[in-house]
Structures are given as C-alpha cells and as structure tokens.
Amino acid sequence: MFWTRNATKEDITTALGAIIDPDMISGLVMQDGNVLVTLDIDPARHVEMEQAAAKAKMTLERLKGIKQAQIILTAEKTPARADAPPIPKLPEQTREIAPQVKHIIAVASGKGGVGKSTVAVNLAIALQQTGLSVGLLDADVYGPSVPMLLGLRDKKPESRDDYLLPLEAHGLKIMSMGFMVKEETPMVWRGPMVQSALLQMLRDVRWGALDVLVIDMPPGTGDTQLTIAQRVKLAGAVIVSTPQDIALLDTVKGVQMFQKVSVPILGIIENMSYFSCPHCGENADIFGQHGARTRAAEMNVRFLGEIPLNIEVREKSDQGMPVALDPLHPVGRIFHGIALEIRETLLQGAGGQPAPLITIEPLVEA
Ligand SMILES: Nc1ncnc2c1ncn2[C@@H]1O[C@H](COP(=O)(O)OP(=O)(O)OP(=O)(O)O)[C@@H](O)[C@H]1O
Ligand SMILES: [Mg+2]
C-alpha cells in the first residue's frame with residue numbers, strides 16, 4: 001500500500017480490517033509514529049490470533065510515518081459464537097498453588113500509596129526473623145516495587161524443569177512481575193491477563209516448603225484482589241491504612257471486600273501514623289490521632305499497630321535494606337511486634353481455618 005501522506009488512525013483501521021475483524025479492535029493509540037493497538041480476542045483462537053497480530057504489526061510498520069507498531073491481545077470477552085470451539089485448558093491445570101506453603105497472607109489496602117509494599121517487605125523480614133521460612137510475592141503487576149525494595153532490580157529468575165525459581169534476598173524467596181518486564185515498559189493488562197500472570201507466579205514458581213507466603217497486593221478492590229481471594233486459600237489479609245479520613249473510608253471498603261469472600265482479616269496496620277522527627281526524637285500526630293485504631297474497633301477487627309512516618313523507612317527501602325533488618329531500630333521493633341502477633345494467629349489457625357492448601361479449578365487461558 002502506498003500513501004503520499006502519513007497514515008491516520010482511519011488508515012490503520014482499514015489496514016487492520018484486511019487481516020482481522022475490525023470489531024476486535026478495542027483500543028488504538030498513536031503518538032509520534034508509534035502505534036499501540038489492543039485486540040479483544042476469543043481465547044479459544046489465541047494461536048491463530050497471535051499469527052494475525054504478527055502480520056498486522058508488519059503491515060502497520062510498512063505504512064508511511066509509522067515507526068513502530070505494537071499489537072496487544074487481550075481476552076476479556078467470552079466467545080460470542082455458538083459454534084466456537086471449547087476454551088482450551090492449560091496442561092498444568094492440576095498444578096496446585098504453592099502446595100508446600102502453609103499460610104498465605106495478603107497485605108492490602110483500598111487506597112494506593114499508603115505503604116503496602118513497605119509493610120509487606122518489612123513484615124516478611126520480621127516474620128522470617130521469628131524463625132519462620134518466608135516468601136514474598138509482589139502481586140502488583142501494574143507497578144511492581146518489590147525488586148527495588150529488596151535491591152533486586154535487573155535480576156531475572158531462572159527456570160528449571162518447567163518451573164521458575166524464585167530469587168532470594170535477605171533469606172526471603174521472592175517473585176515479582178518486575179523480574180519479567182522492564183520497569184519502564186508500560187503494562188497494558190486486562191482482567192484475564194492479570195489472572196493468568198498472577199496464577200503463574202503462584203503455581204509455576206518453585207516456592208518449596210514455606211511457613212508463610214506474604215502477597216503484596218496492588219491498591220484497590222479490582223481484578224487482582226478477586227483472583228487472589230477466589231483462587232487462593234488465604235489464611236488472612238492484613239489491611240494497611242493511613243490515618244486520614246479518605247484512607248480510612250477505603251480501608252473499610254477493603255475490609256468488607258475480604259469479608260465478603262470469607263477471607264479472615266488478620267488486622268489493620270496504621271502506617272505514617274505520626275511523624276517521628278529524626279532530629280529531636282519527638283513524635284507529632286500530623287494527621288490526627290488513632291483513626292485506624294478506632295475504625296478497627298468499630299469493625300470488630302484487630303488493630304495490629306502504628307508505624308510512624310520516618311525518613312529512614314523510605315531511605316532504607318530505597319537502598320534495598322528494609323528497616324526491619326535491624327530489629328533494634330525503633331520502627332524495626334514495631335514490625336517485629338506485629339510479626340509476632342501475626343505468627344501467633346497463624347499458628348493457632350487464622351479464622352479457625354487449617355493451613356491453606358487447595359487445588360485450583362481449570363484455568364481459562366488468557
Ligand atoms: N512509614 C513510612 N515512613 C516514611 N516513608 C514511608 C513509610 N511508609 C511508606 N513510605 C514511603 O511511601 C511511598 C509509598 O509506599 P509504598 O510503595 O510502600 O506504598 P504502596 O501502598 O505499596 O503503594 P502502591 O499503592 O503504589 O502499591 C514509598 O516511597 C515509601 O518509601
Ligand atoms: Mg505497592
């Protein structure tokens with residue numbers, strides 16, 4: 001095809017229409033000669049569609065003014081056609097989720113940026129220092145931060161016998177989507193892809209025997225939370241909040257979401273609770289007092305503790321040396337107190353439930 005002018009979005013749609021059904025185009029973004037097209041496909045046709053996507057990419061890159069085309073396949077819709085073949089099941093469908101892991105706990109919050117990842121990492125370290133074997137799964141496929149928090153940037157997991165081997169840091173076993181994709185890669189995910197990626201990190205990673213697997217959740221109550229809550233037998237969820245009213249409202253939503261799917265709440269942690277001044281050692285309640293503690297009591301949920309806003313928490317996280325590595329640090333000590341309490345609950349069988357071991361249901365490939 002030949003155009004004397006640069007290709008427009010309409011030209012792209014026309015060119016794609018010769019290769020695929022234009023109804024499948026669910027997104028088309030164009031900027032500075034870079035084109036990103038998302039195609040909503042029927043998962044049963046994914047092999048055929050991958051070939052079509054490769055052809056579409058080549059075709060688009062031949063158009064005038066287009067430097068690079070990226071085609072992303074998503075599978076949000078169920079097959080519309082009555083004669084569609086059955087959805088293929090992955091061969092590993094009978095693989096259990098982390099079969100030798102005794103307790104899986106999720107660190108979650110209704111609101112972003114409240115310190116979930118910071119709490120998850122420090123809690124994992126503190127739990128390990130109580131003598132437990134601990135793993136950490138970064139389930140934030142959109143913005144994985146665990147590689148940075150544990151000094152594992154640019155590291156890649158090895159695979160062996162069809163399993164991925166988790167990386168190790170400070171004695172923890174770690175897996176994160178951040179090991180699979182470059183940090184700067186924008187991640188365009190949709191429901192089934194998130195589910196598939198998460199389940200792979202749980203099921204196809206050789207976690208080995210662990211007492212506890214801590215899952216660092218992305219913010220909110222979306223696809224990831226549902227996938228984890230529905231597919232994984234969680235021993236419980238730890239909800240992180242900050243003292244501001246808006247965060248507390250989201251905390252209530254977060255607690256209710258887990259309760260709705262019968263996941264026990266291990267407790268609420270209030271992060272950035274008060275400001276501990278590095279110079280004078282004074283504590284100041286800059287966001288008001290005891291908001292999360294009060295809300296926890298109202299919801300009849302355990303309150304696990306208050307973590308101050310402390311510059312060293314961030315600095316040490318940025319250096320990949322979380323503060324809990326030093327149990328004598330004032331904040332490290334708080335994490336250790338919380339870890340002991342959680343350990344106690346887990347050993348008693350959180351929510352009266354035995355250790356979480358389940359076989360997943362057949363998985364729909366995304
Ligand atoms: N107690 C604290 N004192 C000082 N800084 C903190 C504290 N807790 C978290 N931070 C800093 O706040 C920022 C956000 O924390 P973090 O990434 O843990 O939040 P998050 O809830 O996981 O965010 P997201 O919702 O994006 O996943 C980070 O820079 C972190 O170092
Ligand atoms: Mg996070």
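The values are calculated or read from the model by the stated rules, or taken from the named source; none is laboratory data. This one's a predicted model, so the numbers in the text were calculated from it and none came from an experiment. Here the Cβ is made from the backbone with ideal geometry for all residues, glycine too, and neighbour counts use every protein chain on show. Ligands, DNA and RNA are stripped out before the accessible areas are found, and what is left, the full protein with its side chains, is counted by its heavy atoms. Shrake-Rupley method; radii C 1.70, N 1.55, O 1.52, S 1.80 Å.
Within region 138-149, does at least one residue satisfy the condition of being buried (at least 23 other Cβ atoms within 10 Å of the Cβ), over 16 Å from the mean Cα position of the chain (by Cα) and either within 12 Å of ligand 2 (Cβ to nearest atom) or not in a strand (DSSP E or B) (or both)?
No, that holds for no residue.
Would you point out the residue of region 102-118, among those that are more than 15 Å from residue 225 (Cβ to Cβ) and more than 10 Å from ligand 2 (Cβ to nearest atom), that is surrounded by the fewest Cβ atoms within 10 Å (Cβ to Cβ)?
Ranking the candidates gives 102 first.
Only residues in region 98-111 that are charged (D, E, K, R) count as the first member; pair them with residues that are within 16 Å of ligand 1 (Cβ to nearest atom) and open to solvent by less than 10 Å² (accessible area, probe 1.4 Å), Cβ under 6 angstrom, at least 6 apart or cross-chain, and list the lot.
Short answer, once both residue conditions are applied: 111/247.
Among the candidates 261, 232, 255, which residue alone is more than 12 Å from ligand 1 (Cβ to nearest atom), in contact (Cβ under 8 Å) with a residue 24 or more places away in the chain and surrounded by fewer than 21 Cβ atoms within 10 Å (Cβ to Cβ)?
From the options 261, 232, 255, the qualifying one is 261.
When the residues of region 165-180 are filtered to those that are among the hydrophobic types (A, V, I, L, M, F, W, C) and open to solvent by 20 Å² or more (accessible area, probe 1.4 Å), which remaining residue is farthest from residue 149 (Cα to Cα)? Even if it seems obvious, please write down each step before you answer.
So the first thing to find is which residues in region 165-180 are among the hydrophobic types (A, V, I, L, M, F, W, C), and the list is 165, 167, 169, 172, 174-175, 177, 179-180.
Filter once more, so that each one left must be open to solvent by 20 Å² or more (accessible area, probe 1.4 Å): 165, 167, 180.
Working: 165: 19, 167: 13, 180: 16 Å.
If we take residues in region 165-180 being among the hydrophobic types (A, V, I, L, M, F, W, C) and open to solvent by 20 Å² or more (accessible area, probe 1.4 Å), then 165 is farthest from residue 149 (Cα to Cα).
In region 283-336, what residues are β-branched (Val, Ile, Thr), surrounded by 13 or more Cβ atoms within 10 Å (Cβ to Cβ) and not in a helix (DSSP H, G or I)?
301, 307
Considering only residues that are over 21 Å from residue 74 (Cα atoms) and open to solvent by 40 Å² or more (accessible area, probe 1.4 Å), look in region 4-30 and name the one that is farthest from the chain's Cα centre (by Cα).
Within region 4-30, the match that is farthest from the chain's Cα centre (by Cα) is 4.
Aliphatic (A, V, I, L, M) and at pLDDT below 95: does that describe residue 355? Can you show your working first?
Values: aliphatic (A, V, I, L, M): yes; at pLDDT below 95: yes.
So residue 355 fits the description; yes.
In region 264-282, which residue that is in contact with a strand residue (DSSP E or B) (Cβ under 9 Å, 6 or more places away or on another chain) and assigned to a loop (DSSP other than H, G, I, E, B) is farthest from ligand 1 (Cβ to nearest atom)?
264
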